[in-house]
Amino acid sequence: MDFITNALGDMAVAASLEASMRDAAEAGLPETRDAYAALSLPIGGERIHTAWQTLLRYKAGKANLERRIVQNQQWYRLRQWDTLRASASAEDGGQGVREMQVEPTSPWLFNAIANKHADAMDNTPRLSILPREESDRREARLLSAIVPVVLDQNDFEQLYADHVDNKLIAGTGVYGVFWDPQRLNGLGDIAIEECDVLSLFWEPGITDIQQSRNLFYVTLRDNEVLESAYPQLTGRLGGQIMDVARYVYDDAVDTSGKSVLVDWYYKKRQNGRTVLHYCKFVAGQPEPIFATENEPEAYPNGWYDHGRYPFVFDPMFKCKGSPCGFSYIDVGKKTQEYIDRADQAMLQNLLFNARPRHFIRSDGAVNEDEYADVTRDFVHVDGNLGMDSVMPIPTNPLPEIYLAILRDKIQELKETTGNRDVNTGGAPAGVTAASAIAAIQEAGGKLSRDHNRAGYRAFRKLGLFVIELIRQFYDTARCFRIAGEGGETEFVEYSNVGLRPQPQGELVDGVPRLYGVDVGYRVPLFDLEVTPERASPYSRMSQNELALQFYSAGFFNPQRADQALSCLQMMDFPHKEELMASIRRQAEEYRAAMESGIPELSTARQRRVELPKLSREDRARQQANETATPR
């Protein structure tokens, strides 16, 4: 985004910097930077001030979202009564919901969230990289093995679990894909993080995060850590000047000695293309810590060559006008509230009826302490004891209709969150066959499969970012341990040589030409295919049973390859193309062995292709170079 500066603004910044330098000199602080030098830089005090005002405007635009996310976290932690009391207090002017003796927190909604999380972890995504051109086949094969290693080094399984939690609770999970130059002892490597939506600020009203004019990533950092990392900030940090939304923690979190560190991403049009720029600054400081625009020689293409914000938003249920969505807690918390209120009323009635209470006349002359103490055999009275001196308070047991309504509300919550009994492993009454139960459970999981597919689309974008960062930064070869085609361990060295722009013709004076025409360079591109890495015992069992059925049907017999391939073409299951390619390869090897007259071919034996035994008559015909008649 372009910012406009003027002479008056520069003069104001100069005066401010001169005053700050004079104050610093009087205080005996070291001078770390020439103030007037900052005026000639593209990113100076004027731009930092404008960016800060933009950040505050963005923060005001997502206030409702932040409030909802903080409340959802309380509901997830079964502390909804605190939220209900606070909401009622804000509505009735401070009266609030009176704290009752009984405040039940039935975890029906929590159980739905936990089951959705388990479904997602049973189907963690797996990435396959496919080439768009024949010449990129080798790179695609290597990337398919190397990218999972990069994800593994970032502990992606735990990161994915946190990502799913954020989707289910806050409504949106956010991947951050960055380049960390400090990793691997300064060699640098890709860093993947799960980012909190409360720390991100974007232009209000946009749906695609890449359409935002600016994107801010805000974190609170300890002042001592900042001064140690950036010595120019020594003695200049004055504490937090922005109220960053926070969750309700059990511990007392002290933010007095912390400052707001801002990562500011913005896009500009340069030379006909969109360039991503990056600036890091501390709130309240007139100068940036770092800015790519201030170092154009080192960053001619901006911060990242792909020119996109390094964040991937993954909403649960999408909303118009926002890159974020709403969650299952937003769907079910009203029903959960009615369930808890009904439980509260019933349990209070239970306690009221289980412990009888009595009316006692003030002149009844009954010793109340002795009457309330059930261990006393005698109770003293003064005077005559009348029938109305002590009377039990009548009780009203709840009718069954209220319990039926509570059950209906529980069932409603199960239905609206897609967490019926069949989804948690239960079976309908009367269904006993294992195959029928499995079919019902598979059909009942369509909501989870739909959410998983949405998550796979976000994971695909993450994979594209990883490949682009490899293309930009893997200049130095590094070693990876990968699994070979046969499953054996291999060690390969990989760099971005095969990902750099490739000349489409012969280089003539450094220019690729074909028939004298400048044909330019070709950038290797890839298609990403995301499949679930099924981890549930039933999924593995069904896959194994399918393989055994293929074996029993003779699909792996090279003599019946044509029939097997025709049958497989009508089927749909994971890795079908790989299986068909293997069957074709075995059939070709078998035909080659038959045509050469060699009953056992080394390659066929290595792949365990069972060749039929030849009769004495067939062997005699082969020796006479005659064609054996098929029987």
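A short reminder: the numbers here are calculations on the coordinates, not readings from a lab. On a predicted model such as this, the values are computed, not experimentally measured, just so you know. Glycine gets a Cβ as well: all are built from the backbone with ideal geometry, and neighbour counts include every protein chain shown.
Could you list, in their original order, any pairs among K318/K576; K116/K268; K320/K576; K62/K116 whose Cα atoms are separated by more than 29 Å?
K318/K576; K116/K268; K320/K576
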Problem - Relative contact order [Cα under 8 Å, 6+ residues apart], segment 235-394, whole percent - result: 12
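Report Rg/Rh for segment 290-404, rounded to two decimals, where Rg is the Cα radius of gyration and Rh the Kirkwood radius.
On the Cα set of segment 290-404, Rg over Rh gives 1.55.
At a Förster radius of 41 Å, what calculated FRET efficiency corresponds to the Cβ-Cβ distance of V508 and D572, to the nearest 0.05?
Working: r = 50 Å, r/R0 = 1.22.
Rounded to the nearest 0.05, the efficiency is 0.25.
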Problem - Charge sum, other residues only, whose C-beta stays under 14 Å from Q53's C-beta, Lys/Arg counted +1 and Asp/Glu -1 - result: +2
Exercise for the section: Please turn the phi angles of segment 188-197 into ³J(HN,Hα) values with the Karplus equation 6.51 cos²θ - 1.76 cosθ + 1.60 (θ = phi - 60°), one per residue in order, whole Hz, x for glycine and proline. Expected result: x, 7, 7, 10, 10, 10, 9, 9, 7, 4
Handout entry: Fully extended contour minus Cα-Cα distance, from D222 to Q210, at 0.36 nm per residue
Key = 1.3 nm
Exercise for the section: Rounded to the nearest Å, what's the spacing between the alpha carbon centres of segment 178-228 and segment 295-362? Just the number, please. Expected result: 24
Completion exercise
Simple spin-label estimate for E493/R449, 7 Å along Cα→Cβ, in nm, reads 4.7
Completion exercise
Calc'd 3J(HN,Hα), segment 292-305, phi into Karplus 6.51 cos²θ - 1.76 cosθ + 1.60 (θ = phi - 60°), Hz, glycine/Pro = x, comes to 5, 5, 7, 10, x, 5, 7, 10, x, 9, x, 6, 10, 5
